[in-house]
Protein chains: 2
Amino acid sequence: MYRTNNCGELNINFVNKEVKLSGWVQKIRNLGGMTFIDLRDKYGITQLVFDIETNENLCEKARKLGREYVISVEGKVAERSNKNKKIFTGEIEIIVNKLIILNASETPPFTIEDKTDGGDELRMKYRYLDLRRNVNQKNLILRHKMAFEVRKYLNNLNFVDIETPVLIKSTPEGARDFVVPSRMNKGEFYALPQSPQIFKQLLMIAGYDRYYQIVKCFRDEDLRADRQLEFTQIDCEMSFVEQEDVLEAFEGMAKHLFKKIKNFDYKKKFLQLTYEDAINFYGTDKPDLRFGMKIKNLTEIAKNKNFEVFNNSEFIAGISVEKSANYSRKNLDKLTKFVRKPQIGAKGLVYVKYNEDGSFKSSVDKFYDKKDLSNWAENMNAKKGDLLLILFGEKNHTLNALSELRLEMGERMGLRDNNKFEPLWVVDFPLLEWKEEDKRYNAMHHPFTSPKKEDIHLLDTDASKVRANAYDLVINGVEIGGGSIRIFDKNLQAKMFKLLGFTKEKAENQFGFLMNAFKYGAPPHGGCAFGFDRWVALFADVKSIKDVIAFPKNNSGKDLMINTPSEIEDEQLKELFLQKI
Amino acid sequence: MYRTNNCGELNINFVNKEVKLSGWVQKIRNLGGMTFIDLRDKYGITQLVFDIETNENLCEKARKLGREYVISVEGKVAERSNKNKKIFTGEIEIIVNKLIILNASETPPFTIEDKTDGGDELRMKYRYLDLRRNVNQKNLILRHKMAFEVRKYLNNLNFVDIETPVLIKSTPEGARDFVVPSRMNKGEFYALPQSPQIFKQLLMIAGYDRYYQIVKCFRDEDLRADRQLEFTQIDCEMSFVEQEDVLEAFEGMAKHLFKKIKNFDYKKKFLQLTYEDAINFYGTDKPDLRFGMKIKNLTEIAKNKNFEVFNNSEFIAGISVEKSANYSRKNLDKLTKFVRKPQIGAKGLVYVKYNEDGSFKSSVDKFYDKKDLSNWAENMNAKKGDLLLILFGEKNHTLNALSELRLEMGERMGLRDNNKFEPLWVVDFPLLEWKEEDKRYNAMHHPFTSPKKEDIHLLDTDASKVRANAYDLVINGVEIGGGSIRIFDKNLQAKMFKLLGFTKEKAENQFGFLMNAFKYGAPPHGGCAFGFDRWVALFADVKSIKDVIAFPKNNSGKDLMINTPSEIEDEQLKELFLQKI
């Protein structure tokens, strides 16, 4: 037996108990004749004491230990003279009478501290040491807890956890598939699932009523901060539901997680914002509602006043920033630089200071008088002391830039409080988007999403106007997940494939089994999928999902620790009937 | 809204309630002026009534429905005159006043019944219909419940659910890997994990103390009844543990599942049987302990008595079958045929009837007198009325045949009761087995398994005698899982790799990161992995794990429903820098 107790559970109630502990040496301090060691395990830190007076050999042995040595000790719990009230075990220490070194440790390549001296690449190479750091342990344990709370919530609602296969069929739609050559079937390949979409729909047709799975999905895409080649989805589907039923079920799940994980009581019904309103009010389909600063359209009232820049703009709009009329020249210059960054790409920034004394000062004083600016301010619901920030240009582009500017101002004003959560559903997404380069429509969500009943007649005449029964859950500006009510009629599904440019043969080859399944009594159904990594990252308050994944890949898709991907033996490739080009 | 209630929850307490139900048409019966429909969903069956007297149109509409149509009805709950006490909803019916056909259905290619007329291949092609059958639903829901109970149990013991990566590194040890070509890294490949072995060990080195995961694993092996290309493992690892700690934790898990899932109270400590004893007593390392019939060695006392067949045999042993001395000639002939089957391969069967009157009748009466046979009977603890069945030949071969014969006799005697569970740990496995064809040792469990301390000295002199800290959990003759205490010392690990024929370079290339990790304070650790599919199959009382997997592959590794594996576009292959041979 290596331990009677762990390093996080002993306190004053255990004084005089004989115990055995095991763990890692976090720190060694020699004070006169005493040596103190902080012994660490997953559960906490306990102080060990060695007294050179009472046991010289033992104390000498302790002094030779290094950081991260793994040791096992026996001794008696004693009350500390110098108490540390900050930790649970801070009132006691162990008077050690036996010390066993279980494993030595070389000096780690970086410090095992919250603020470490190790760079990204080094920490990834020694991820097993990086994972010892408290911040990482906290994040992975948070992830564990969230997964279990999700399961508890969904199990309570009669959802059944069903595993769908990982070796499936490659479909050229959507992102790029990872493929897996088959040894038993020459020249043929499996693909790794981008999502279990089709299988969950088949499970509904099979009568399982409510399905969920916390499941790995795969996309062979170039990586960004919030993308990994493999990621985890909370995947759900329900039968005999309309949109409102799905939203209710998963609104409940979000509230359950808020409460259980963040101890945050969100009682209101989630706001439902149409896609159109989201774009018009916030310039994005994933607005951060922790603060206001809605976008106001000024195109009508600001145009045709001699200011050629505006006159040549399709769209002029702005946000009003509370109590910021005193913004300095320097800060305004910084903002201008910000909106002109290539990623944002505004042509310039127009500001109007609505001063406390009722006067206006703007960067377009040459073209607009007090009446004009007062009119703008009124339109934007600005009050005295507010700062108006206005962008202009092509409409979509400008809305997008305003969205970024709004987030930036929210950040500067300290309005993006990470202890606050503002969820909403974005609804009524367009069903299709026109892909100019391919001269055809693309599914905005996926090809199985149903159009709104009242818009079906537009499919033949003005398909881009058709709204979908599709919805996204957005929290604090992060798209946490989304879903739709699916098509469950074979004729409508066939029509969708046609609109999306599938030939009959290709649709049959790719999705024939689904179309076939629709013939045998498919129920109405719909569902949701949530990006689990993102949700954990949001709750952990970290920027990258890498920080909530035990062994992530880097931006080149490499795991630097195990050094993969790597070459394989020619023999292996030959067995798969393949050769390198 | 498609339903106010599901089809399994209405009973006499709901009489007169206006309800809305949705589901599938299971059965239609026309009785005089009345039409009865059994409406089915996941939760049960509710009877619908249509009366031609009160609503002719509605009743006519109902009569035109077919099996597996999806419908939605509104009506009032009424007490039945003809009650069915066998089902929860059997006392009521719904007097329907509104009927909506949600989806029609063609006649399914096979009947959706427990005993279906559909063959294997047809049911796999239409798996979504096969999954509608009650037996399959029961199995998948059982699987769901077992997974959740496993999680609850392990969470309670501070195990942390941590996801390990699916895209890892190919290692030529063990079974064949599936490989995944990397697009971003030309000429390089990921591999799908055969198990998360290395990652869970790294998590222990990272200080996570107790890890688990219910996780997909992959082996590119030819398929048998209990093998699939992808299968699911309950994967666990613990730090600061000895073998007994691990056994205790997972014995608890098994007992928890017995209790929660099968309502079976197993109070005793599990038997621990050494590998050597398992082989000697039962001829197998996965004995079925629901019945006795231990194998008894007769080599010493049966040899050298003029019977050349025995005299030329390395090993002679048998089992004693209770109260079967009256076995007929015909049955004994059948048994002889059974043991001579090529899969079992015994040369013949010798029987001795120890009759109720104390006399003996055997197939070797020519060579052995009453005293001899009486001696055998005594050695085998046989009583009057028992039947002795004896096999002979090369030792391992004969033990193996006796194991099969023992199972067959257990089956015939009705001793393999599927409502009874007899678990045991098989312990003290050999660390290594000699591979004659490669002239080197193979790891019996895997290269990370630690040898018993007291046997380490044999590694250099008589390695095949070294016993491992390895253990298997066997229930009713099924190997449910196994594990070991791992090596956590880099020198011992290096020695193991050498014994297993790894060159230093190969060991470094494949497992360098693990050896490296051992340098930075690796704790003692060990764990277990359980075949989740097998465990579910055992509890579901089905022979093949296919019956507890939603979408299994067939024995050629094909999914006949989605038709995978399949060809991919040349373009896709080119992007991966590959071409077909």
Margin query: Could you derive backbone 3J(HN,Hα) for the range A:265-278 from the dihedral phi with the Karplus parameters 6.51, -1.76 and 1.60 (θ = phi - 60°), listing whole Hz in sequence and x where the residue is Gly or Pro?
Written below: 8, 10, 8, 5, 5, 5, 4, 10, 10, 5, 3, 4, 5, 4
Note to self: Distances in nm, one decimal, shortest first, from B:Asp117 to the same residue in every other copy, taking the label point 7 angstrom along Cα→Cβ.
What the structure shows: 7.9
Notebook entry, point to check: What Rg and what Dmax come out for the range B:12-103 when only alpha-carbon atoms are used, in angstroms?
Noted result: 12.0, 32
Margin query: Cross-link candidates for B:Lys255: which aspartates and glutamates have Cα within less than 17 Å, leaving aside residues fewer than 8 places away along the same chain?
Written below: B:Glu149, B:Glu244, B:Asp245, B:Asp265, B:Glu422, B:Asp472, B:Glu479
Notebook entry, point to check: Which whole number gives the average count of other chain Cβ atoms within 10 Å of the Cβ atoms across peptide B:550-561?
Noted result: 5
Notebook entry, point to check: Ranked highest first by average number of other Cβ atoms within 10 Å, how do A:60-67, A:6-13 line up?
Noted result: A:6-13, A:60-67
Note to self: Restricted to Cα positions, what overall size does the protein assembly as shown have along the principal axes? Three whole-Å values, descending.
What the structure shows: 127, 103, 65
Check: Any idea what the alpha-carbon Rg over 2.2 N^0.38 Å comes to for the range A:136-228?
Finding: 1.32
Check: Among the trypsin sites (Lys or Arg not before Pro) within the range B:340-386, which fall in a DSSP loop and have no more than 16 other Cβ atoms within 10 Å of their own Cβ?
Finding: B:Lys347, B:Lys366, B:Lys383, B:Lys384
Next item on the list: Would you tell me the mean number of C-beta atoms belonging to other protein chains that fall within 10 Å of each C-beta in B:140-149, as a whole number?
Entry: 4
Margin query: Let me check the size of the range B:361-400 from its C-alpha atoms; what are the radius of gyration and Dmax in Å?
Written below: 11.5, 30
Next item on the list: Within the range B:437-526, list the trypsin sites (Lys or Arg not before Pro) lying in a DSSP loop whose Cβ has at most 16 other Cβ atoms in a 10 Å radius.
Entry: B:Lys439, B:Lys452, B:Lys519
Item checked: Cα-centre dipole for the protein assembly as shown with unit charges at Cβ (Lys and Arg positive, Asp and Glu negative), debye to 20 -> 1240
Item checked: Listed residues A:Gly385, A:Gly119, A:Trp24: farthest to the positive end of the dipole of chain A (Cβ charges) -> A:Gly385
Note to self: For a quick check: sort A:Asp120, B:Asp117 by the number of other beta carbons within 10 angstrom, fewest at the front.
What the structure shows: B:Asp117, A:Asp120
Next item on the list: With a Förster radius of 51 Å, plug the Cβ-Cβ distance of A:Asp462 and A:Lys305 into 1/(1 + (r/R0)^6) and report the FRET value to the nearest 0.05.
Entry: 0.90
Note to self: Please report the spacing between the Cα centers of the range B:198-248 and the range A:37-65 in Å, no decimals.
What the structure shows: 34
Next item on the list: Treat the count of other C-beta atoms within 10 Å as a stand-in for reagent exposure and order B:Ile94, A:Ile214 from fewest to most.
Entry: A:Ile214, B:Ile94
Check: About its Cα centre, how strong a charge dipole does the range B:180-303 have in debye, to the nearest 20, once Lys and Arg get +1 and Asp and Glu get -1 at the Cβ?
Finding: 540
Notebook entry, point to check: Rg and Dmax of the range A:433-581, Cα atoms, in Å?
Noted result: 21.0, 59
Check: Name the GluC sites (Glu not before Pro) in the range B:474-581 that are in a loop by DSSP and that have at most 10 other C-beta atoms within 10 Å, would you?
Finding: B:Glu569
Next item on the list: State to the nearest 20 debye the size of the charge dipole of chain B about its Cα centre, where the only charges are +1 on K and R beta carbons and -1 on D and E beta carbons.
Entry: 1140
Item checked: Mean shadow area of the range B:529-581, taken as a quarter of the surface of its Cα convex hull (nm²) -> 6.1
Margin query: Run the helix sum for chain A: -39,500 (n - 2.57) per DSSP H stretch of 4+ residues, divided by residue count, reported at 222 nm to the nearest 500 deg cm²/dmol.
Written below: -8500 deg cm²/dmol
Notebook entry, point to check: Under the Kirkwood approximation for Rh and a Cα-based Rg, what ratio Rg/Rh is obtained for chain B?
Noted result: 1.06
Next item on the list: Taking a label point 7 Å out from Cα toward Cβ, give me the nm distances from A:Ser363 to the same spot in the other copies, shortest first, one decimal.
Entry: 10.1
Checklist line | Label spacing, shortest first and in nm, from A:Arg290 to its equivalents in the remaining copies (7 angstrom along Cα→Cβ) | finding: 5.9
Check: Which whole number gives the average, over all residues in B:513-526, of C-beta atoms from other chains lying within 10 Å of the residue C-beta?
Finding: 6
Next item on the list: Just rank B:Cys217, B:Cys59, B:Cys236, fewest to most, by other beta-carbon atoms within 10 angstrom.
Entry: B:Cys59, B:Cys217, B:Cys236
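Quick note: the coordinates plus some simple rules give every number you see, no bench work behind them. Note that the coordinates shown come from a computational prediction; the quantities given were computed from them, not determined experimentally. FYI the Cβ positions are ideal-geometry reconstructions off the backbone, even for glycines, and counts take in every protein chain you see.
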